[in-house]
Amino acid sequence: MSPSGEVVASISSALAVALVLLACVELGDAAAAVGVYRLIQYDLAGAPLGSRAAVLNHHAAALPLPPGADLSRSALVAPLLDLPLTFLREYLAEKKHLGGLLILLPTKLSDKDGAGNNVDKGQVKGVLAELEKLLVHEEVPYPVYFAFHDGDFDNLLADIREIASSGQPASATTGGYKLVVSSAEPRKVSSPTISNIQGWLPGLKGEGDTEQLPTIAIVANYDTFGAAPALSVGSDSNGSGVVALLEIARLFSRLYSNPKTRGKYNLLFGLTSGGPYNYNGTSKWLRSFDQRVRESIDYAICLNSVGSWSNDLWMHVSKPPENPYIKQIFEDFSDVSKEMGVSVGIKHKKINVSNPRVAWEHEQFSRFRVTALTLSEMSSPPEFLESIGGLHDTRESTDVDSVIRTVKLVSESLARHIYGLKGRNIDVFAENSSLAINPHYIQSWLDLLSRTPRVAPFLQKNDPFIAALKKELSEHTADVHVQNDALDGMFTFYDATKATLNVYQVASVTFDLLFLLVLGSYLIVLFCFLVITTRGVDDLINIFRRPPSRKLKGA
């Protein structure tokens, strides 16, 4: 080959490679990766519930759907408020096939979502509650994921609808967008544990007093449950209760640090786990107590969802309001609430001993014959696995002032009971004093809890969050202890709670064939040109000439 021919060949080969790479780059630019959160998968007493699949590899579809649309090979992408719950109920009830479902959530439960669309906070909360109720209590055979709605998804939905308007659904033939989640088969969470954290503030015994001091317990469960475990932060239920407990512990630690102001009551602070699961951790925690410790508890105050009330708080009890202990506690709360300008009501619900299900945390105490109550903004107990840290329960749903009011009410009531100040209008935790409630402390802990998903089976006993709670309680109390136990065996959970969604723009088969034809033609022309310039036209003709038969060669 001549030098000029070699140069031409090199340039032509480089052009061919560049053309192929340019096409690949053009196709590769159409891919995007998005973080998504999977619908919970669990078994309850052997019954499979939640999403039973994780792998997604289907073309994207969007609402509105054409009549008679077949979604068995499609993944439906739908903003939360555009997704009809009747559609989901129909697909689940009739066991219709759906390739997958991607639900787009507003980035904040505020006046506008991430894409700038107006949303109603109350409407979003109601729709989310209904959606979670439906998905959590049903077996969903296809993968369901959640993502946050932003401008990129608006563009994606617009393109999907434009393709659908042609009358042909997205497929390998027509092209469109493909949603891909490559995930391993979900595995059972082995040996799920629940961790209870407790700390003491020992009271002051008088000289010659050998009897055990009475104890008042302040308790809050810290874990949550929701449709998407990786998003279930439970700012109000029950992050607000945890924050209130920590602040109460901080305030009384100041009083108890001085023997002159230390009360003649032990204070027991308990952060319990397994709250959504029939307060399983509370039951195990109480069983671990020595009988004398349980008998020393005068009463227990359980804090549950106290972060979004304005004027009305409820005291839930198992014993009748006429009970002397209950009557005394209620009067203490009532006296302080009147001074604060708020109202505390009382709700009596008798325990059904034959039913293992409990509605409130204090009922586990009542089963051990310990007087207890639950303070909550909710006037009635939530249904099983509902309203306990769902998708709507974010930082925006919790108010610092509500937690401050709760801390003020409980702390002042306890102080008047412990120090015998009943009937005396004394503000122990007055503003601008060394015992004042710290709003910044409350806000910082609310912010932390609102960033930390806390679904119990996915919180290991060595989780940094549990270590942080233990450390914080150790700052204010003594004898801090963490009790690890196994979660009740009726629950089985599966991993794979979040993943990466890859969105690909897929060209149609027509485009692929046309591209192949153009590229093939170019390569043929390039081959012919190289042969002619290096060997001549005769060699090119000989390449395509039919070779003589064997008989002809033999002759």
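The values are calculated or read from the model by the stated rules, or taken from the named source; none is laboratory data. None of the values given here were measured: they were computed from a predicted structure. Note that each Cβ is placed from the backbone with ideal geometry, even for glycine, and that neighbours are counted across all protein chains shown. Remember, those area values only see protein heavy atoms, side chains included, never the ligands or the DNA or RNA. Shrake-Rupley method; radii C 1.70, N 1.55, O 1.52, S 1.80 Å.
Summary of values
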| quantity | calculated |
| --- | --- |
| Those lysines that a straight Cα-Cα span of less than 18 Å connects to Lys422, excepting residues fewer than 8 apart in one chain | Lys264, Lys327, Lys338, Lys408 |
| Extended-chain gain in nm, criterion 0.36 nm per residue less alpha-carbon gap, Glu322 and Gln443 | 39.8 nm |
| Sequence-distant residues sharing a close amide H with Ala60 (under 5 Å, placed H) | Ala75, Tyr177, Lys178, Leu179 |
| Set of aspartates and glutamates near Lys470 by C-alpha distance (under 17 Å), chain-local residues within fewer than 8 positions excluded | Asp223, Glu247, Asp479, Asp485 |
| Cut-off 18 Å (backbone N to label point 7 Å along Cα→Cβ of Lys471), residues of the stretch 239-255 | 243, 246-247, 250 |
| Distance in nm between pseudo-label sites at Ile524 and Val400 (7 Å out along the Cβ direction from Cα) | 7.5 nm |
| Cross-link partners of Lys350 among aspartates and glutamates (Cα-Cα below 14 Å; sequence separation of 8 or more within a chain) | Glu322, Glu361, Glu363 |
| Two-site label geometry, Phe368 and Val531: point separation in nm, points 7 Å out along Cα→Cβ | 9.1 nm |
| Exposure of His59 as accessible area (Å², to 10), given a probe of 1.4 Å and all protein chains | 20 Å² |
| Nearest 10 degrees, 0 to 90: helix 464-476 Cα axis against the chain principal axis | 20 degrees |
| Spherically averaged projected area of the chain from its Cα convex hull (nm²) | 40.1 nm² |
| Computed FRET value (nearest 0.05) for Val353 with Glu331, which takes r as the C-beta separation and R₀ as 35 Å | 0.75 |
| Between 0 and 90°, nearest 10: helix 241-256 axis offset from the chain longest Cα axis | 40 degrees |
| Phe148 long-range amide H proximity, modeled H, under 5 Å | Leu105 |
| Three-way shape label, the stretch 193-486, alpha-carbon gyration tensor, a/c 1.5 | rounded |
| Backbone N under 17 Å from the Ala47 label point (7 Å along Cα→Cβ), restricted to the stretch 469-501 | 489-493 |
| Potential extension, Val180-Ser310 segment - 0.36 nm per residue separation minus Cα distance | 42.2 nm |
| Estimated inter-spin distance, Leu85 and Arg424, nm [label 7 Å along Cα→Cβ] | 5.3 nm |
| Residue-normalised accessible area of the chain, given per residue in Å² at a 1.4 Å probe | 48 Å² |
| Solvent accessible area, Å² - Glu383, 1.4 Å probe, full protein context | 120 Å² |
| The stretch 52-67 - phi-based ³J(HN,Hα) in whole Hz, Karplus 6.51/-1.76/1.60, Gly and Pro as x | 9, 9, 10, 6, 10, 7, 9, 6, 7, 10, 9, 7, x, 8, x, x |
| Carbon plus sulfur fraction of accessible area for the stretch 193-486, probe 1.4 Å, in percent | 48 percent |
| Inter-centroid distance (Cα atoms) of the stretch 186-249 relative to the stretch 432-494, Å | 7 Å |
| Principal-axis tilt of helix 509-534 within the chain, Cα atoms, nearest 10 degrees | 40 degrees |
